[in-house]
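**Q** Have a look at this one before I ask anything.
The values are calculated or read from the model by the stated rules, or taken from the named source; none is laboratory data. Quantities reported herein were computed from a predicted structural model and do not represent experimental measurements. All Cβ positions, even for glycine, are placed from backbone atoms using ideal geometry, and neighbour counts span all protein chains on display.
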Amino acid sequence: MKEYGKVMIEAFFIDLDGTLLEFDENNDKYLPKHNIVALKKLVNTGVKVVIASGRTLDYITDMNKEFDFSFDAVAYNGAVIYCEGKIIKEYSCDKSLLYKVAKRLESVNDLNPFIFINGKVYFQKPLEESRHRFRPQGKNRWRSDIVHEGLMEALVDKNIPNPLKFNIVSENYPLVDEWVKRLNDEFGNDLVIHKTDDHFIEITTKGADKAAGLKTICGYYGIDTSNVAAIGDASNDIAMLEATPHRYAMKTAIAEIRAVANKEYETVAQAIYDIIKYNELNK
């Protein structure tokens with residue numbers, strides 16, 4: 001376990017899935033009350049909370065509205081940086097490069113790539129063929145009016161803008177591991193490619209990741225990264241944790257996250273109360 005020096009923590013960057021969000025009895029993700037209460041207490045002490053997630057900006061701003069938060073965000077794994085109610089930086093993927101990635105996956109039946117564009121979702125293969133139980137980023141399930149096949153066509157359509165993120169879903173977990181390595185070997189010079197859980201691969205353009213988002217937001221507010229804490233559980237959180245000396249991991253995190261963390265927690269609420277106590281002791 002690595003140690004860190006004593007400084008006040010001014011900002012806390014928090015991953016969503018597997019970290020802030022937990023599972024209910026129906027295996028749906030939700031924001032539990034103990035985390036809501038802790039977040040409000042942390043904000044009241046003057047610490048800035050930033051959500052750092054692969055999820056869409058709409059999901060995060062909807063969460064803000066639902067729970068009366070006003071959190072800034074590193075959305076789409078760093079492709080969108082959102083501060084004080086506005087987007088301050090945005091990175092999109094080159095569709096011609098994503099077309100090459102999708103072409104590599106065309107004959108791999110158990111991998112189904114897709115993109116979100118203008119409120120619509122374009123899959124390469126029929127959704128039912130992906131054999132995936134996953135849920136959309138919101139309260140509704142995949143609706144027929146927003147889900148489309150025709151990913152390849154969307155990637156060459158000049159009327160459809162470059163996507164912020166490219167996603168691959170599968171229920172074949174060993175195949176996910178295999179193709180994260182393959183795609184990194186082939187496209188890693190131009191794209192950031194992460195396995196974000198057992199059934200999901202997420203891709204952004206080079207330079208768009210959570211660590212870059214953390215540094216951008218710290219620069220925006222004039223916060224030194226030595227005064228920042230971050231918590232996560234998956235490979236797309238590693239660089240973010242390494243960008244600050246206050247590195248927290250969930251106890252359910254992958255080994256690579258736990259290896260760089262100073263502390264491990266069962267809930268984000270526990271980490272928050274430690275931050276509040278730490279700041280009180282170091283005033």
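**Q** If the Cβ limit is 8 Å and pairs must be 6+ apart or interchain, which residue in the range 72-86 that is more than 17 Å from I238 (Cβ to Cβ) pairs with which residue that is charged (D, E, K, R) and modelled with pLDDT under 95?
**A** Qualifying pairs under 8 Å: A75/R55; Y76/R55.
**Q** Being assigned to a strand (DSSP E or B) and either of a type in the set (D, E, K, R) or surrounded by fewer than 17 Cβ atoms within 10 Å (Cβ to Cβ) (or both) is the filter here; which residues of the range 159-198 pass it?
**A** Listed by number, the residues that qualify are K195, D197.
**Q** Which is crowded, with 22+ Cβ neighbours inside 10 Å and not β-branched (V, I, T), of A259, A269, A253? Steps first, answer last, please.
**A** Working: A259 fails: crowded, with 22+ Cβ neighbours inside 10 Å; A269 fails: crowded, with 22+ Cβ neighbours inside 10 Å.
From the options A259, A269, A253, the qualifying one is A253.
**Q** Could you list, in sequence order, all residues of the range 105-158 that are farther than 18 Å from E171 by Cβ, surrounded by fewer than 19 Cβ atoms within 10 Å (Cβ to Cβ) and at pLDDT 90 or above?
**A** Listed by number, the residues that qualify are E106, G150, M152, E153, V156, D157, K158.
**Q** Here is a list of conditions, (1) touching a Leu at 6+ places or on another chain (Cβ under 9 Å); (2) at positive phi, and A243 meets all of them except one; can you say which number that is?
**A** Of the numbered conditions (1) touching a Leu at 6+ places or on another chain (Cβ under 9 Å); (2) at positive phi, the odd one out for A243 is (2).
**Q** Please go through the range 213-236 and pick out each residue that is more than 16 Å from H246 (Cα to Cα), touching a residue at least 24 places away in the same chain (Cβ under 8 Å) and surrounded by fewer than 22 Cβ atoms within 10 Å (Cβ to Cβ). Step through it out loud before you land on a result.
**A** The first filter runs over the range 213-236 and keeps only residues more than 16 Å from H246 (Cα to Cα), leaving 213, 216-217, 219-222, 234-236.
If we keep only those that are touching a residue at least 24 places away in the same chain (Cβ under 8 Å) as well, we get 213, 216-217, 220-221, 234-236.
Passing the criteria: T216, Y220, Y221, S235.
**Q** Can you find a residue that is closer than 18 Å to I9 by Cβ and part of a strand (DSSP E or B) anywhere in the range 264-276?
**A** yes
**Q** Under the condition of being surrounded by fewer than 17 Cβ atoms within 10 Å (Cβ to Cβ) and more than 29 Å from D224 (Cβ to Cβ), which residue from the range 33-58 is nearest to the chain's Cα centre (by Cα)?
**A** D58
**Q** Scan the range 199-249 for residues that are part of a helix (DSSP H, G or I) and not hydrophobic (A, V, I, L, M, F, W, C) and report the count.
**A** First, the residues of the range 199-249 that are part of a helix (DSSP H, G or I): 210-221, 225-227, 235-242.
Narrowing the set further to residues that are not hydrophobic (A, V, I, L, M, F, W, C) leaves 210, 213, 215-216, 219-221, 225-227, 235-237, 242.
Summing the residues that are part of a helix (DSSP H, G or I) and not hydrophobic (A, V, I, L, M, F, W, C) in the range 199-249 gives 14.
**Q** So, one more: Residue by residue through the range 59-78, note down the ones that are buried (at least 21 other Cβ atoms within 10 Å of the Cβ), out of contact with any Cys (no Cβ under 6 Å at 6 or more places or on another chain) and not aliphatic (A, V, I, L, M).
**A** Scanning the range 59-78 gives Y76, N77, G78.
**Q** Would the range 256-270 turn up any residue that is of a type in the set (G, A, S) and under 25 Å from L39 (Cβ atoms)?
**A** Yes; the residues of the range 256-270 include at least one that is of a type in the set (G, A, S) and under 25 Å from L39 (Cβ atoms).
Every residue, every condition in (1) assigned to a helix (DSSP H, G or I); (2) without any contact (Cβ under 8 Å) to a residue 24 or more places away in the chain; (3) within 18 Å of T196 (Cβ to Cβ); (4) touching a Lys or Arg at 6+ places or on another chain (Cβ under 8 Å), yes or no:
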{"position": "F13", "(1), (2), (3), (4)": "no, no, yes, yes"}
{"position": "V37", "(1), (2), (3), (4)": "yes, no, no, no"}
{"position": "L42", "(1), (2), (3), (4)": "yes, no, no, no"}
{"position": "G54", "(1), (2), (3), (4)": "no, no, yes, yes"}
{"position": "D62", "(1), (2), (3), (4)": "yes, no, no, no"}
{"position": "E66", "(1), (2), (3), (4)": "yes, yes, no, no"}
